[in-house]
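So the structure is just underneath, and the comments pick up after that.
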Amino acid sequence: MSSVVVRISAEDNRRQYALEQMLVSILGLNVDFISVDALPDSYTIEYEGKSLSVLSSDVYNPQWTDNPWGPEDSIVAIYGGSTECTSQTDSAIVGLSLDLAMSAFFLLSRVEELNANADMLDAHGRFKASSSLAYKMGFIDRPMVNEYAEMVVRIFGGMGVQLPVNRQGEKLLYTHDVDILTYEPILKAMVGDIIKRHDLLSALKRVRNLWYDEHDTFDALMDMSEVRNQKGTFNIMATHYDFNKPVSDNYLSKRAFDSMLNRLRARGHQLGFHPGYYTADNEEQWKQERMMVESRVQQSLSVGRQHYLRVFVPRTLEIWEDNGMYLDSSLGFADRTGFRCGTGCIYHPYDFRTGKSMSLLEQPLVVMDTTLDLYESLSEKQKEERINHYISLSLKYSMPVTLLYHN
């Protein structure tokens, strides 16, 4: 199989990164990057004698533009101009003024989260969906980076060349953060409800925990993945922190933990690491908690997600990268479902220190159960419609969609 050739300025790390993620990670193409100093104002994508030349633009000017080349009638040009080409599609060279690479870089790198001011963050220091360009311009439910990638495929198709794509495939990836292993000791929790939280109703509801453990849903969660011939990921934490509940004892020492662990392993599901609330910018705490969890489960853990989705770009991802983690799945919004990174595909985050892609993989989170229930307060019908929308996009773009359901 011949390779796609990208000719781009040797100094243009940001666009080279974005093209690598679009063409290699998302489309699954073999790509050779050739440094060209003579073309500082554009970059080209070439395959089998055909060439797409794209103008480089460093002017941030987000706008909707008509899109005859993509899967939708319109598209957002974050950098650059319209999608009108400078020549006919049956020619050998097509020119494009929408800067696909720089627009994709904006979404994939999460550069818009750098140096975010207090108004852009919630009470937990998380970048709010409502602060994002995707939300403000109304494309938070569209995988815009995938749309940029599909434009490339369709433009070459218009020139009579079919790119040998190998997309990641349509699938729902179920992940589960085990924040609470089992219910609190009933008497202690009821006293806390009444005296500390002045919540008599919650205290009365706890009586049912005498015969029913509301958090022991592990079999049902495993069924969700197995019905799709997949295995789920269960992220284990060393410490517990929740504003709305009493601080739990470390669940790693509970006997119920062994029961959960044995059941997960017996059915072949994956264990992940769930670093605690205070680890997002504290590498020593992060490392200590990882050591505690790995010691308890007697295995190395290389995948996982930050508790509360507390990710500070770029520091948190740098911690994961520097500690040899394989995959993170923290980049989802807490206050709104959707595409925080412009894609549901697994890709390599951008390393702002080196100007290159990290070894770490990012599996963007698209749907979290508490987002649907608590932050957006959707009805059951609305939740079903939202998830069905993401399923349709998974099929349309042959793209995985990651969901988080807590136990």
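Heavy-atom accessible area per residue, the chain, 1.4 Å probe: how many Å²?
Numbers: 17620 Å² over 407 residues.
For the chain, the solvent-accessible area averages 43 Å² per residue.
Remark on region 284-339: Rg and Dmax equal 12.2, 36 Å (Cα only).
Highest mean first, the peptides 358-371, 163-176 sorted by other C-beta atoms within 10 Å per residue fall in the order 358-371, 163-176. If I model region 4-47 as equal point scatterers sitting on the Cα atoms and use the Debye formula, what is log10 I(q)/I(0) at q = 0.27 Å⁻¹? Summing over Cα pairs of region 4-47 leads to -0.95. Computed extension gain for residue 166 through residue 32, at 0.36 nm per residue and net of the alpha carbon distance, reaches 46.6 nm. Here, region 93-160 is characterised by an Rg to Rh ratio of 1.11, where Rg is the alpha-carbon radius of gyration and Rh the Kirkwood radius. Taking the chain as a Gaussian network of alpha-carbon nodes connected by springs under 10 Å, the highest mean-square fluctuation of the residues 238, 18, 116 belongs to 116.
Panel note: the C-alpha atoms of region 1-144, placed on their principal axes, show extents of 54, 31, 28 Å (largest first). Straight-line reach from residue 396: taking Cα to Cα under 14 Å and skipping same-chain neighbours fewer than 8 places apart, the aspartates and glutamates in range are 72, 141, 147, 150, 170. Across the accessible surface of the chain, with the other protein chains kept in place and a 1.4 Å probe, carbon and sulfur atoms take up 50 percent. Taking the chain as a Gaussian network of alpha-carbon nodes connected by springs under 10 Å, the highest mean-square fluctuation of the residues 115, 146, 30 belongs to 115. Helical runs assigned H by DSSP (4 residues or longer) give the chain a calculated mean residue ellipticity at 222 nm of -8000 deg cm²/dmol, each run adding -39500 (n - 2.57) before division by the residue total. The stretch between residue 11 and residue 195 holds 60.0 nm of extra length on full extension. This uses 0.36 nm per residue minus the Cα-Cα distance. Straight-line cross-link partners of residue 287 among the aspartates and glutamates, defined as a Cα under 12 Å from its Cα and at least 8 positions apart when in the same chain: 322.
Projected label points at residue 123 and residue 298, each 7 Å from Cα along the beta carbon direction, are separated by 4.2 nanometres.
What the Cα convex hull of the chain gives, in volume per residue, is 152 Å³.
The values are calculated or read from the model by the stated rules, or taken from the named source; none is laboratory data. This one's a predicted model, so the numbers in the text were calculated from it and none came from an experiment. Positions of Cβ are backbone-derived with ideal geometry, glycine not excepted, and every protein chain shown enters the neighbour counts. All accessible areas refer to the heavy atoms of the entire protein, side chains included, with ligands and DNA or RNA removed. Shrake-Rupley method; radii C 1.70, N 1.55, O 1.52, S 1.80 Å.
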